[in-house]
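The values are calculated or read from the model by the stated rules, or taken from the named source; none is laboratory data. Computed from a prediction, not measured in an experiment: that's the story for all the values here. Cβ sites come from the backbone with ideal geometry, for glycine too, and all protein chains shown count toward neighbours.
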């Protein structure tokens, strides 16, 4: 997946709700339109990352399996 | 990120470890989703936001209650398998082994996410808990009208 990433969040080993809590904190640090990459191995993240995006209006760009974990890409909404 | 009417209000009545876990995790989720989130601690729930130091109660019964029900977030027992205080140690170990955040970490997370922590004045009076017995992060000590005002504008309202 060819995506320009502006920040990487390492949530490997974290369980619910910490990946989402860190995601919310990190998204506040980004500018509108920038992309956050979340690395997580919690299975709940498959549903939770897109659900969080739907709830907050941020754009879920997709997920990508890597060895042992997944990468999720989220673009901050432009207000 | 918060929008109008995008609020969550959770009453934490229980001081049981497992129920408090649920309350703090839901509060984290709501706050992370940009919702203006309030936790209203009442009765046994006050143990979550007590410092855990002995309270300075006036009456005999208040003093006894302060000793029997000392509180502090690290002293909460689970609703089942409490085993007179052993249960919380077992659960803590099981959760740490699974890398689940502890109650202390979750409380710090909701504080970092700007969740509003309110304490119920009436239960504080009954249990003879003063503002100084509560952690400094508690935003205010309030009554039921404040809860109703928050809850009436909330999409998520829970009683735990």
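Among helices (runs of 4 or more DSSP H) entirely within segment B:13-75, having at least 1 residues that are modelled with pLDDT of 95 or more and more than 18 Å from residue B:85 (Cβ to Cβ) singles out B:17-32, B:46-49.
For residue A:2, the criteria (1) touching a strand residue (DSSP E or B) at 6+ places or on another chain (Cβ under 9 Å); (2) surrounded by fewer than 16 Cβ atoms within 10 Å (Cβ to Cβ) hold in every case but one, which is (1).
Considering the conditions (1) surrounded by fewer than 19 Cβ atoms within 10 Å (Cβ to Cβ); (2) more than 14 Å from chain B (Cβ to nearest Cβ), residue A:73 is excluded by exactly one of them, (1).
Look through A:62, A:33 and report the one residue that is away from chain B (no Cβ under 14 Å), modelled with pLDDT of 95 or more and not in a strand (DSSP E or B). Result: A:33 is the single residue among A:62, A:33 that is away from chain B (no Cβ under 14 Å), modelled with pLDDT of 95 or more and not in a strand (DSSP E or B). Going by the conditions given, is residue A:49 assigned to a loop (DSSP other than H, G, I, E, B) and either surrounded by 14 or more Cβ atoms within 10 Å (Cβ to Cβ) or touching a strand residue (DSSP E or B) at 6+ places or on another chain (Cβ under 8 Å) (or both)? No.
Scanning segment B:76-107 for residues that are within 14 Å of chain A (Cβ to nearest Cβ) and in a loop (DSSP other than H, G, I, E, B) gives B:98, B:99, B:100, B:101, B:102. Please find, within segment B:108-119, the residue that is farthest from the chain's Cα centre (by Cα) out of those that are more than 8 Å from every other protein chain (Cβ to nearest Cβ) and in contact (Cβ under 8 Å) with a residue 24 or more places away in the chain. Among those that are more than 8 Å from every other protein chain (Cβ to nearest Cβ) and in contact (Cβ under 8 Å) with a residue 24 or more places away in the chain, it is B:114.
Looking across segment A:40-59, just one residue is in contact with a helix residue (DSSP H, G or I) (Cβ under 6 Å, 6 or more places away or on another chain) and closer than 16 Å to residue A:28 by Cα, and that is A:52. Could you please let me know if residue B:123 is more than 14 Å from chain A (Cβ to nearest Cβ), farther than 20 Å from residue B:36 by Cβ and touching a residue at least 24 places away in the same chain (Cβ under 8 Å)? Answer is yes for this residue.
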